[in-house]
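Below: the structure, in structure tokens.
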Amino acid sequence: MRKQLKFLNAITTLHFASSFKLLSTIVNKKTTVLITDEHVYELHQSKFKGYHCIVLKSGEAFKTQATVDSVISQLILLQADRTYTLVGIGGGVVTDITGYVASIYMRGVAFGFVPTTLLAMVDASIGGKNGVDVGHYKNMIGTTNQPHFILYDTTFLKTLPQAEWYNGFAEIIKHAAIK
């Protein structure tokens, strides 16, 4: 199911109940760079064949400017230009870094998300907040920039540890209680 939402004068196309295979109809494989973390890559690398991939270290400790600089260096090596699309495939750390890099690389390139955790599906991939931590200050540097698309493939959830389910449902309950 496809739905378009308007956030802050930007259109984000949401692809609900989709398959990762749909990504190849949304973006051009030759000019797309997938950004993911080592855990997601290890579990799902067969899905990423034919795409340029940048694999990050996993965890909040790596949501830093040093990681951003590394991603930008790899984009330069790939000779990525403004025609490229970045796709963050992962949880909140990956979506934050991808959105931030896409906002600042060459003064902005297209990007989208394939959230792989329940928490990322209901929180981190939506809203347009992208950033990195500075020391112990969370999300100290960042941008507000909406993804062009979000592709929801729930098969990624099959590999989640139990604690990640609790995190996602806690966020859902929080939003329901606020509503």
Among the residues listed as 93, 134, the single one being of a type outside the set (D, E, K, R), touching a Gly at 6+ places or on another chain (Cβ under 8 Å) and modelled with pLDDT of 95 or more: 93
In segment 67-81, the residues that are of a type in the set (A, V, I, L, M) and open to solvent by 30 Å² or more (accessible area, probe 1.4 Å): 72, 76, 77, 78
Hey, residue 121 assigned to a helix (DSSP H, G or I), on the phi > 0 side of the Ramachandran plot and at pLDDT 95 or above or not: no
Residue match in segment 98-105 (condition: under 18 Å from residue 11 (Cβ atoms) and among the hydrophobic types (A, V, I, L, M, F, W, C)): yes
Complete set of residues in segment 96-118 that are in a helix (DSSP H, G or I), free of Cβ contacts under 8 Å to residues at least 40 places away in the same chain and either out of contact with any Lys or Arg (no Cβ under 7 Å at 6 or more places or on another chain) or within 16 Å of residue 38 (Cα to Cα) (or both): 104, 105, 107
Strands (runs of 3 or more DSSP E) within segment 1-69 that include 2 or more residues of a type in the set (S, T, N, Q), at pLDDT 95 or above and closer than 22 Å to residue 79 by Cβ: 32-37
Of residues in segment 129-179 being of a type in the set (Asp, Glu) and part of a helix (DSSP H, G or I), the one most open to solvent (accessible area, probe 1.4 Å): 164
Qualifying residue in segment 149-161 (condition: within 12 Å of the chain's Cα centre (by Cα) and of a type in the set (Val, Ile, Thr)): yes
Matching residues, segment 41-59, being polar (S, T, N, Q) and within 14 Å of the chain's Cα centre (by Cα): 58
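Residue-by-condition table, conditions (1) touching a helix residue (DSSP H, G or I) at 6+ places or on another chain (Cβ under 8 Å); (2) touching a residue at least 12 places away in the same chain (Cβ under 8 Å); (3) open to solvent by less than 30 Å² (accessible area, probe 1.4 Å); (4) of a type outside the set (Gly, Ala, Ser):
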{"site": "55", "(1), (2), (3), (4)": "yes, yes, no, yes"}
{"site": "65", "(1), (2), (3), (4)": "no, yes, no, yes"}
{"site": "83", "(1), (2), (3), (4)": "yes, yes, no, yes"}
{"site": "87", "(1), (2), (3), (4)": "yes, yes, yes, yes"}
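The values are calculated or read from the model by the stated rules, or taken from the named source; none is laboratory data. This is a predicted model, so every value here is computed, not measured. We place every Cβ from the backbone using ideal geometry, glycine too, and count neighbours over all the protein chains shown. Accessible surface is based on the protein model in full, side chains and every heavy atom, while ligands, DNA and RNA are left aside. Shrake-Rupley method; radii C 1.70, N 1.55, O 1.52, S 1.80 Å.
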